Amino acid sequence: MSTPPTHHHRIDINPFTLFQTVALQDVPSEIQEDSAESQQVQPQEELQQNYHLLSINSTIVIRQVPSQGISFQLWPAATTLVTLFDLHHHCITTLLSAVSNDGETQHRPIRILELGSGTGVVGIAAAAILGASVTVTDLPHVLPNMQFNVDANAETLKLHGGAVEVAALSWGDTQNMEAIGRVYDVIMGSDVVYHDHLYEPLLETLKFFLLKSETKIVFLMAHLKRWKKESAFFKKAKKFFDVEILHNDEPSNGSRVGVAVYQFAGKFPSRPIINTTGDCKILSTIA
Ligand SMILES: C[S@@+](CC[C@H](N)C(=O)[O-])C[C@H]1O[C@@H](n2cnc3c(N)ncnc32)[C@H](O)[C@@H]1O
């Protein structure tokens, strides 16, 4: 007789509410990280989310496996970035070209590196919408689901001239970062500031890609503020980067605040940054 599924994981792992309703120390360790145990004993309930992208009139399909943990779910900040790319693709292309490494993006695809991609939705959508060449990254155990999602959208990507590669990048791991290289026009991430033990490795990663590059490069980060302690991350970040808010969503799902999109740029004199004034006032107009 088969063993009935255990229900000890039956707590709220809804990305919209999880971190709003419980303090971190109250969250069982099995969902604080995507534990090997949770991958073995959990029923593998899969959810499919369709994103219809108006700008290219195509739908991308994303598989979530919530029982496997936080890396296998869609997070609110991801939706914000996808929406921004979709509704303002012309402006985004112009703005990213302006901050690109060599000013050559009229002649080649924009090259994007995404950190902590989870399901891969943001990278896949960006590649399809912008015809960009995107590397989506995360911890090794997250990559098979991400690759599944990339493969599931291969035709759409091909149709729109986008390309997505999947690679392991554990924040702060010099070997991983060297292997990935510094050949990107822009770095991005959504909902990557949450556990405080990850602040330092994430900052090390940003320093590697933003400060040690010979060319200008910025980090676009969509973030839903959940805890006061997150101000420690921003305080540390501001020692090395100019941090600017480019866009604020309206609060939703009972939150007091909405998702914000930040730009981090290395503190260098004369470094061009994304300009939200002028014609492309994209980032303050999305609700
Ligand atoms: C809250 S999820 C957000 C996922 C995705 N960006 C989204 O918005 O849907 C945070 C992501 O960061 C990844 N992550 C956590 N620690 C990491 C580390 N040390 N190195 C690389 N990625 C990490 C997790 O695996 C997870 O996919």
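I'd like to compare 140-148, 44-52, 185-193: which one has the highest average count of other Cβ atoms within 10 Å, and what's the full order after that? Could the numbers behind the result be given before it?
Values: 140-148: 18.1, 44-52: 12.0, 185-193: 25.4.
Sorting 140-148, 44-52, 185-193 by mean packing, highest first, produces 185-193, 140-148, 44-52.
Using the alpha-carbon centroid of each, what span in Å lies between the stretch 163-201 and the stretch 137-154?
Centre-to-centre distance over Cα atoms comes out at 15 Å.
Which of rounded, prolate, oblate describes the stretch 35-284, given a ≥ b ≥ c as roots of the alpha-carbon gyration tensor eigenvalues and a/c under 1.5 marking rounded, otherwise prolate only if a/b is larger than b/c? Don't skip to the end; give the middle numbers.
Numbers: a/c = 1.34, a/b = 1.15, b/c = 1.16.
Rounded.
Given the options ALA163, ALA237, TYR51, identify the residue whose Cα lies farthest towards the positive end of the charge dipole of the stretch 35-284 (+1 on Cβ of Lys, Arg; -1 on Cβ of Asp, Glu).
The one lying farthest along the dipole's positive direction is ALA237.
Under 15 Å from a point 7 Å along the Cα-to-Cβ line of SER170: which residues of the stretch 116-140 have their amide N that close?
Taking a point 7 Å out along Cα→Cβ of SER170, the residues of the stretch 116-140 whose backbone N falls under 15 Å are 116, 138-140.
Readers should treat all values here as calculations from the given coordinates under stated rules, not as data from a laboratory. Bear in mind the structure is a predicted one, so any value in this text is a computation, not a measurement. We place every Cβ from the backbone using ideal geometry, glycine too, and count neighbours over all the protein chains shown.
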